Structure formats: C-alpha cells, structure tokens
Amino acid sequence: MAAYVHSKMSGGLAGGKGYQDLLDQILSKYKKTELKEALEAFLTSSLDERLSLVDAKSVLSFFAERIPKIGKDIVKDVCHFTLASIQPRIVSFEEQVL
C-alpha cells in the first residue's frame, strides 16, 4: 500500500493532474485499514522539498477538497498528520503569498 504510493510518487507524476489522479486512485482503491497509511505516504511525498511549491500547494488544495471522501474514523488522524507534516514548509508557503 504505502510502497505502491511511494513508487508512484518517486517515479514522477506529470504535474498536478498526476497527483490528483493518484489521490483519487488511493481513495477508491484502499479500504479503511490501508487508507490511512496510503494517505500518509501520499502526503509525505507531496510535501517533500523536491516537489515545487506551486505543485505542493495545488496537491494540498486538491487533497482538502477530497477530505469529505475520507472515512470519519480516520479523517481526524489524517488531518493531524497533514498539519504536522506541513510545518517544515509553512514558511515557504507564506513567503510565496507575500
């Protein structure tokens, strides 16, 4: 599950659309037990410094739109993970806005 996500992400995705397609695959493919781990792997790769700031913001926006599709039992954990993971790049996001 997470290995699949990491392999897709490390292989390079064609811009924001590739990430969106992968996120939709994750949401439709994985069951509750594997979904949390797959989403965390997706977010970890999406927030990596190697991904441009523009693409990372696009991926996060698309992810935020998909939050209602995440099961209620794991959404809180995934959102906490997202907030913790975004901390290292938050200054970069803020600088781009200014």
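Odds and ends about this structure:
- Set of lysines near K32 by C-alpha distance (under 17 Å), chain-local residues within fewer than 8 positions excluded: K69, K72, K76
- Given their separation in residues at 0.36 nm each and the Cα-Cα distance between them, L83 and T44 gain 12.9 nm when the chain is fully extended.
- Of all aspartates and glutamates in the structure, those lying under 14 Å Cα to Cα from K29, and not within fewer than 8 positions of it along the same chain, are D21, E37.
Each reported figure results from applying straightforward, stated rules to the coordinates on display, with no laboratory input. Predicted model, so just to flag it, every value in this text is computed and none were measured.
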